[in-house]
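Written out below as structure tokens is the structure these notes cover.
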């Protein structure tokens with residue numbers, strides 16, 4: 001299925017981050033007041049009570065070496081190190097923690113690896129989970145009495161910055177039977193996580209959700225020459241790039257077209273056909289399908305044409321009726337399919353594209369045979385068009401058909417964490433505070449500052465009168481601030497532009513960047529480009545997003561995760577059957593688009609509905625999903641108001 005979820009997005013403008021977890025080490029000299037019973041280890045947990053040190057800050061004692069197991073399926077590969085690592089040395093000296101070993105699953109699954117590690121007596125000190133996972137793994141570890149419970153009191157004492165940064169609803173989401181067995185990090189850049197985040201910060205480090213496209217981040221694009229002929233006031237590529245260079249800011253609002261109704265949208269597509277354009281001897285269509293399932297037809301094109309953006313044919317929450325629904329059973333999806341079936345018969349949409357594969361779709365896109373394309377499957381085609389000598393380019397096709405009342409714009413959530421670390425009992429009880437302190441240090445502003453600019457003692461930069469900073473070394477300034485990657489060898493950058501942790505596959509930006517407060521590469525107010533207000537939005541892809549202050553980026557109803565693929569519904573037998581039999585029930589709906597007339601279309605659509613109900617007990621599935629969703633909806637509304 002072609003779906004493009006908004007995983008928290010990395011920016012091309014930022015540097016590879018988190019340095020220095022590789023040096024230094026410690027072991028806490030303190031003994032906790034509550035000693036673990038040698039005869040009943042299952043009831044023991046690390047506590048906040050230490051040996052009486054003052055609350056002014058934890059001071060680590062001896063060096064501590066850690067092993068980390070990354071539960072992702074892929075294994076890890078070590079990377080080279082910089083010649084000098086100023087942030088890493090600072091972190092090691094500050095926390096006295098050193099990463100001795102970091103490994104993955106060797107291509108297998110985490111539960112099989114766990115069995116092997118337990119059997120061999122070779123468990124790590126920390127278990128890393130990602131992609132929003134954590135509680136299930138923590139629960140499994142707890143079943144074997146393998147990981148430490150972390151009490152709120154303990155986290156508040158030894159990881160106070162973590163405790164303050166993570167909102168209560170995120171702590172609740174990671175609990176197992178009401179208890180915490182891991183530290184979440186890599187928080188979503190979202191004002192629900194931290195209301196004090198500035199609009200500039202959110203805009204710089206995310207693609208804000210908006211009400212223009214069917215799925216923020218994946219966009220319909222249109223040939224600029226055709227757009228200009230039909231809407232003379234619209235900007236062509238040359239005019240857009242001039243504006244992009246002038247503004248150097250997200251200017252998605254500037255691209256919104258005066259197409260304000262379904263009728264106007266349909267007329268625009270028929271007007272393209274009326275131009276009777278050709279590329280060589282081949283006709284130009286308003287659009288064509290991308291060789292996949294019905295996603296483009298009914299969850300993207302149909303959604304933007306008819307005003308049900310964000311509602312996918314694989315299921316959703318009917319917010320007004322407070323029950324789960326399914327797209328194919330709703331009349332608006334039949335209406336969208338019916339309109340497109342007529343467009344196919346009228347040759348507004350390329351009839352051949354019903355049997356396309358992805359390669360054929362891309363071929364016709366690059367030949368200019370489709371006026372409207374979807375960049376999620378077509379990709380960034382403008383550089384290829386330029387190379388091929390084409391005179392046209394693709395620009396955003398941002399329309400403003402109002403969202404139907406029965407399909408209010410929503411925001412799923414709550415926003416949460418991306419990664420988590422569970423502390424195993426291979427750590428001594430009195431070593432747990434030291435590990436928490438190490439994690440906490442990487443949540444502090446002090447670390448963020450040093451990570452990107454180095455220590456004050458190193459004297460790498462100077463403070464300018466306008467509040468900006470400048471590296472004293474001209475090559476470092478070009479490399480780290482101006483992002484001129486040819487200015488110097490990264491190994492000479494003092495560790496400031498280097499992720500010296502092991503990476504998946506050895507590629508930059510691998511699965512782990514270390515402990516980070518915010519999810520994404522380089523997300524920090526100390527990021528040189530953000531700190532100096534020099535972030536560049538000088539490409540179309542960067543500039544076409546909407547700023548978080550845009551009216552189009554606001555006005556959403558908070559809802560829980562409502563898609564049928566959401567983890568909340570994964571254990572329902574009918575949901576499992578839904579996905580395992582997808583081709584059986586999905587393909588007949590695509591067949592309906594081949595109908596030669598309206599009567600035949602209705603018969604094919606009705607037959608597809610009957611087949612769907614025969615394959616899936618959809619009423620049972622939706623009822624069971626609703627029972628799960630409603631309590632989450634109430635909880636979500638409360639969380640959004642916190």
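The values are calculated or read from the model by the stated rules, or taken from the named source; none is laboratory data. Just so we're clear, the structure is a prediction, and the values are computed from it rather than from any experiment. FYI the Cβ positions are ideal-geometry reconstructions off the backbone, even for glycines, and counts take in every protein chain you see.
So which of 376, 388, 371 is touching a helix residue (DSSP H, G or I) at 6+ places or on another chain (Cβ under 9 Å) and surrounded by fewer than 14 Cβ atoms within 10 Å (Cβ to Cβ)?
388
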>> Condition first: under 24 Å from the mean Cα position of the chain (by Cα) and assigned to a helix (DSSP H, G or I). Now tell me which residues in the stretch 97-123 satisfy that.
In response: 110
>> Taking the conditions exactly as written (closer than 30 Å to residue 369 by Cβ and touching a strand residue (DSSP E or B) at 6+ places or on another chain (Cβ under 7 Å)), does residue 222 satisfy them or not?
In response: yes
> What is the one condition in (1) free of Cβ contacts under 8 Å to residues at least 60 places away in the same chain; (2) buried (at least 18 other Cβ atoms within 10 Å of the Cβ); (3) in a loop (DSSP other than H, G, I, E, B) that residue 548 does not satisfy?
Replying inline: (1)
> If you take the residues in the stretch 354-391 that are under 15 Å from residue 287 (Cβ atoms) and part of a loop (DSSP other than H, G, I, E, B), which one is modelled with the lowest pLDDT?
Replying inline: 356
> What about residue 253, is it more than 16 Å from residue 348 (Cβ to Cβ), surrounded by fewer than 18 Cβ atoms within 10 Å (Cβ to Cβ) and under 24 Å from the mean Cα position of the chain (by Cα)?
Replying inline: yes
> How about the stretch 551-633: which helices (runs of 4 or more DSSP H) wholly inside it have at least 2 residues that are under 13 Å from residue 328 (Cα atoms) and over 28 Å from the mean Cα position of the chain (by Cα)?
Replying inline: 582-592, 598-615
> Just to be sure, is residue 187 in contact (Cβ under 8 Å) with a residue 40 or more places away in the chain and in the same structural domain as residue 68 (by TED's automatic domain parsing)?
Replying inline: yes
> Condition test on residue 536, is it within 23 Å of residue 240 (Cβ to Cβ), modelled with pLDDT under 90, outside the structural domain of residue 376 (by TED's automatic domain parsing) and assigned to a loop (DSSP other than H, G, I, E, B)?
Replying inline: yes
> Going by the conditions given, is residue 159 in the same structural domain as residue 493 (by TED's automatic domain parsing), crowded, with 18+ Cβ neighbours inside 10 Å and modelled with pLDDT of 95 or more?
Replying inline: yes
>> Checking residue 245 against (1) modelled with pLDDT under 95; (2) buried (at least 19 other Cβ atoms within 10 Å of the Cβ), only one condition comes out false. Which one?
In response: (2)
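I need the full set of residues from the stretch 131-173 which are outside any helix (DSSP H, G or I), touching a helix residue (DSSP H, G or I) at 6+ places or on another chain (Cβ under 6 Å) and within 23 Å of residue 448 (Cβ to Cβ), in order please.
Across the stretch 131-173, the qualifying residue is only 159.
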> For the stretch 97-130, how many residues are in contact with a helix residue (DSSP H, G or I) (Cβ under 7 Å, 6 or more places away or on another chain) and closer than 19 Å to residue 434 by Cβ?
Replying inline: 4
> Given the conditions (1) crowded, with 20+ Cβ neighbours inside 10 Å; (2) modelled with pLDDT of 95 or more, which single one is not true for residue 416?
Replying inline: (2)
>> For the stretch 176-193, give me each residue that is surrounded by fewer than 19 Cβ atoms within 10 Å (Cβ to Cβ) and more than 17 Å from residue 137 (Cα to Cα).
In response: 191
> Are any residues in the stretch 497-533 modelled with pLDDT of 50 or more and either outside any loop (DSSP other than H, G, I, E, B) or over 21 Å from the mean Cα position of the chain (by Cα) (or both), and if so, which ones?
Replying inline: 497, 498, 518, 526, 528, 529, 530, 531, 532, 533
>> Quick check on the stretch 176-191: of everything there that is at pLDDT 90 or above and not in a strand (DSSP E or B), which residue is farthest from the chain's Cα centre (by Cα)?
In response: 178
> If you take the residues of the stretch 571-584 that are in contact with a helix residue (DSSP H, G or I) (Cβ under 6 Å, 6 or more places away or on another chain) and free of Cβ contacts under 8 Å to residues at least 40 places away in the same chain, which of them is nearest to residue 608 (Cα to Cα)?
Replying inline: 584
> Which residues, taken from the stretch 325-353, are touching a strand residue (DSSP E or B) at 6+ places or on another chain (Cβ under 8 Å), outside any helix (DSSP H, G or I) and under 16 Å from residue 564 (Cα atoms)?
Replying inline: 325, 326
> Out of the stretch 446-462, which residues are surrounded by fewer than 21 Cβ atoms within 10 Å (Cβ to Cβ), without any contact (Cβ under 8 Å) to a residue 12 or more places away in the chain and not in a loop (DSSP other than H, G, I, E, B)?
Replying inline: 446, 462
